[in-house]
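Each remark here refers to the structure printed beneath this line.
The values are calculated or read from the model by the stated rules, or taken from the named source; none is laboratory data. Because the structure is a prediction, the values reported are computed rather than measured. Positions of Cβ are backbone-derived with ideal geometry, glycine not excepted, and every protein chain shown enters the neighbour counts. Keep in mind that these areas ignore ligands, DNA and RNA; they rest on the heavy atoms of the full protein, side chains included. Shrake-Rupley method; radii C 1.70, N 1.55, O 1.52, S 1.80 Å.
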Amino acid sequence: MKLDDYNQMSNIPTKWFGHNYYYYREIGSTNHVAKELDEMYEPEGTVIIAEQQTEGEGRLGRKWLSQGEGLWFSVILRPKRDSADAPQITLLAAVAVAEAIKNKTNLTPGIKWPNDILINGRKVCGILTELNANEDDYSIILGIGINVNLSLEDLGDQLQDTATSLSLELGSNMNRMELLKEVLIQLEEWYLKWQKSGFKPIRQAWKNHNITIGEKVMISSLQEKFHGEALDIDDTGALILRDDEGEMKNFNFGEVSLRNKE
Ligand code: ADP
C-alpha cells in the first residue's frame, strides 16, 4: 500500500492538518522541502511525505535512516505563540505520536526525553523540529519519522540493537495511512490545546507517557558529560537533573543528548 491515496487523506477528520498533502516517491529530506514550501506560503498543516528519504536528518546533524515502509513526513506550523515557546512543540509532537501508536496498536510506547519514542527499550520514532524565521514571524517545520513496517534487514546491522519497528513489535504489518491519519488528528488536537492553554496540559500528558523521569541518565553536550538522576521536566520542557554530587541542573534540549546509564 502506497501513501499516495489522496482520496483517503481528503476524508481526514481534521480542520487543517493533512488537507494539503504533498507526496513524493523519493526525496532528500521532507523537512528541507517543507521549508521551501513554507517560504512559498503553503498553508499551516501542509504535510510533505515521502516513501523514502535519501538524506533524512536527525538532531545535531545526525542521520535518520528512512528506508523501508515507514512514515517519513513533515508538517508546516505557524504558531501564534511567542517563538521562545516553540521548542515545546517537540514534546507536544512526542505526546501526539505516542497516543496515536497507543490508539492504533496494543503496544505501549514510552517517550524518552525530549522526544524519542521507544517500545521495549528500542527507538521506533524520532522527531526533528526546525525554526524557519523571517523578519516579522516564524514557522516551525515539524519532521517525524516512524518505523512502521520495517524489517530487521531495513534497520541494518547498525540499528538492529537500538531500534525497532511497529511491525517487528506487533508480529504483523500495519496500515500506514491509518496510522498517519491518527497521528495528524492527535497532532492537531494537542497543537490547538497548546495554542490555547500553553504547555501545562502538554507537560502532564508528556509525564504520563515518559520513561526518563526517575532514571539514572547521562547527558552529553558537545563539550561535557553530566551524570545523575532525571527528576522532572520544568514548565518549559527542560530536564531537571540531580547530578551525582547532589547539585540540581536544568537542560534545554537544543544542544544535548540523553542516554540511560546501565
Ligand atoms: P537523539 O536520540 O540523540 O535525539 P536523533 O533524534 O537525532 O537522536 O536521531 C538520530 C539517531 O537515531 C541516529 O544517530 C541513530 O543512532 C538513530 N536512528 C537513525 N535512524 C533511525 C531509525 N530509522 N530508527 C531508529 N533510530 C534511528
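With respect to the conditions (1) at pLDDT 95 or above; (2) not in a strand (DSSP E or B), ILE140 lacks only one, and its number is (2). Among residues of the stretch 156-176 that are free of Cβ contacts under 8 Å to residues at least 12 places away in the same chain, none has a beta-carbon under 8 Å from a residue that is of a type in the set (Asp, Glu) and open to solvent by 60 Å² or more (accessible area, probe 1.4 Å) at least six positions away or on a different chain.
Look at the stretch 24-46: where a residue is closer than 19 Å to LEU71 by Cα and a partner is among the β-branched types (Val, Ile, Thr) and open to solvent by 20 Å² or more (accessible area, probe 1.4 Å), sitting 6+ places away or on another chain with Cβ atoms under 7 Å, you get GLU26/THR54; ILE27/VAL33; GLY28/THR54.
Taking the stretch 192-262 and the strands (runs of 3 or more DSSP E) fully enclosed by it, the elements with 3 or more residues that are at pLDDT 95 or above are at 225-233, 239-243. Inside the stretch 151-179, residues that are within 23 Å of VAL95 (Cβ to Cβ), hydrophobic (A, V, I, L, M, F, W, C) and within 13 Å of the ligand (Cβ to nearest atom) make up a count of 2. Going by the structure shown, is LEU37 in a helix (DSSP H, G or I), touching a strand residue (DSSP E or B) at 6+ places or on another chain (Cβ under 9 Å) and modelled with pLDDT under 95? It is false that LEU37 is in a helix (DSSP H, G or I), touching a strand residue (DSSP E or B) at 6+ places or on another chain (Cβ under 9 Å) and modelled with pLDDT under 95. Among the residues of the stretch 80-115, the one identified as part of a loop (DSSP other than H, G, I, E, B), out of contact with any helix residue (DSSP H, G or I) (no Cβ under 6 Å at 6 or more places or on another chain) and within 13 Å of the ligand (Cβ to nearest atom) is TRP113. For the stretch 22-31, the condition holds for no residue, the condition being that it is at positive phi and away from the ligand (no atom under 14 Å from the Cβ). Tell me, which residue of the stretch 5-34 that is open to solvent by 70 Å² or more (accessible area, probe 1.4 Å) and assigned to a helix (DSSP H, G or I) is farthest from VAL183 (Cα to Cα)? Of everything passing the filter in the stretch 5-34, HIS32 is farthest from VAL183 (Cα to Cα). Taking every residue in the stretch 177-190 that is over 14 Å from PHE73 (Cα atoms) and pairing it with any residue that is polar (S, T, N, Q) and outside any helix (DSSP H, G or I), at least 6 positions away or on another chain, the pairs with Cβ-Cβ distances below 9 Å are ILE185/THR14; GLU188/THR14; GLU189/THR14. Can you confirm whether the stretch 39-54 contains a residue that is of a type in the set (D, E, K, R) and touching a Leu at 6+ places or on another chain (Cβ under 8 Å)? Scanning the stretch 39-54, I find at least one residue that is of a type in the set (D, E, K, R) and touching a Leu at 6+ places or on another chain (Cβ under 8 Å), so the answer is yes.
For the stretch 134-154, the candidate set comprises residues that are among the polar types (S, T, N, Q) and surrounded by fewer than 16 Cβ atoms within 10 Å (Cβ to Cβ); within that set, the residue that is farthest from the chain's Cα centre (by Cα) is ASN134.
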